[in-house]
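The structure under discussion appears below in the form of structure tokens.
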Amino acid sequence: IGRFSQEKRPLCFIDIARSTLLKYSSDDIAFVMAGDGENMSQLKNRIHEYNLDKCFVLTGLIRSEQIQELLNDSYVLLITSEREGLSLVMVEAMSMDVPVITTDVGAVKEVITNGTNGFIIPAEDNVIEKATTLLVNLLNSPVMRDKVSQNCRRSVVEKFSLINMTIKYKRLFLNICH
């Protein structure tokens, strides 16, 4: 969900989808990419080249109110970025009990405890292979997926609820002023 720019590695997302489908065959899987960007024609070509047209949905840009609907229908959120700050869509997904598989970039470790409320893979080391393995494991183990899912919302509420954020900012401002 976002812009399809080079640092987001949308082609890597497609490669992971292909690799996953080679290891886990099901007619029930759809990979959804919501957004737009300079790489759109290249993405469409890669999807077609891999013969993945039937299991891919490219929504184009979506309105912010549609993000909740899309995440509500999602089994997992996959983030393949090579650079990121704090991914808002990651926090939104987790707040809706959607497990996240993400590369280890930006502030990911401030939000995700690997294996507990999501999954972190190195951004530069075998991303396709490691993401595929995690995705296939989640597809094969609904119990594991549900366990991680339950931890997602709890951890986001603990760290990012309005009350907790207000307390944290109050402490920060008091420390600065004293």
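The values are calculated or read from the model by the stated rules, or taken from the named source; none is laboratory data. Here the structure is a predicted model, which is why all the values come from computation and not from measurement. Heads up, the Cβs are rebuilt from the backbone with ideal geometry, glycines too, and the neighbour counts pull from every protein chain shown. Ligands, DNA and RNA are excluded from the accessible area calculation, which covers all protein heavy atoms including side chains. Shrake-Rupley method; radii C 1.70, N 1.55, O 1.52, S 1.80 Å.
Computed about the Cα centre, the dipole magnitude for region 22-178 is approximately 640 debye when only Lys and Arg (+1) and Asp and Glu (-1) carry charge, each at its Cβ. With everything on Cα atoms, drop me the angle between helix 10-23 and the longest principal axis of the chain, reported from 0 to 90° to the nearest 10. It is inclined by approximately 60 degrees.
Residues 20, 116, sorted by accessible area with the largest first, give 116, 20 [1.4 Å probe; ligands and nucleic acids excluded]. The GNM of the chain, with springs linking C-alpha atoms under 10 angstrom apart, assigns the highest mean-square fluctuation among 160, 31, 119 to 160. Annotation for region 96-129: GluC sites (Glu not before Pro) lying in DSSP loop with at most 16 further Cβ atoms inside 10 Å of their Cβ are 124.
Straight-distance candidates among the lysines for linking to residue 159, with alpha-carbon spacing under 29 Å and chain neighbours fewer than 8 residues away dropped: 8, 109, 130, 147, 168, 170. Take residue 64: with every protein chain present and a 1.4 Å probe, its accessible area is about 90 Å². The C-alpha atoms of the chain define a longest principal axis, and helix 142-160 lies at about 40 degrees to it. A viscosity of 1.002 mPa s and a temperature of 20 °C, combined with the Kirkwood radius over Cα pairs in Stokes-Einstein, give a translational diffusion coefficient for region 119-178 of 148 µm²/s. From the helices alone, meaning DSSP H stretches of at least four residues, give me the mean residue ellipticity at 222 nm for the chain, per-run term -39500 (n - 2.57), in deg cm²/dmol to the nearest 500. Theoretical 222 nm ellipticity from helices: -16500 deg cm²/dmol. Modelled label positions at residue 45 and residue 154, each set 7 Å beyond Cα in the direction of Cβ, lie 4.8 nm from each other. Measuring between their Cα centroids, region 5-29 and region 118-173 lie 20 Å from each other. Note: relative contact order over the chain, using C-alpha pairs below 8 Å and six or more positions apart, is 21 percent. Derived from the Cα gyration tensor, the three semi-axes of the equivalent ellipsoid of region 1-101 are 20, 17, 13 Å, largest first. With no solvent and one point per C-alpha, what does the Debye sum give as log10 I(q)/I(0) for region 32-178 at q = 0.14, 0.18, 0.19 Å⁻¹? Listed by q, the Debye log ratios stand at -0.77, -1.18, -1.29. Largest GNM mean-square fluctuation among 14, 163, 112, using the chain with Cα springs under 10 Å: 163.
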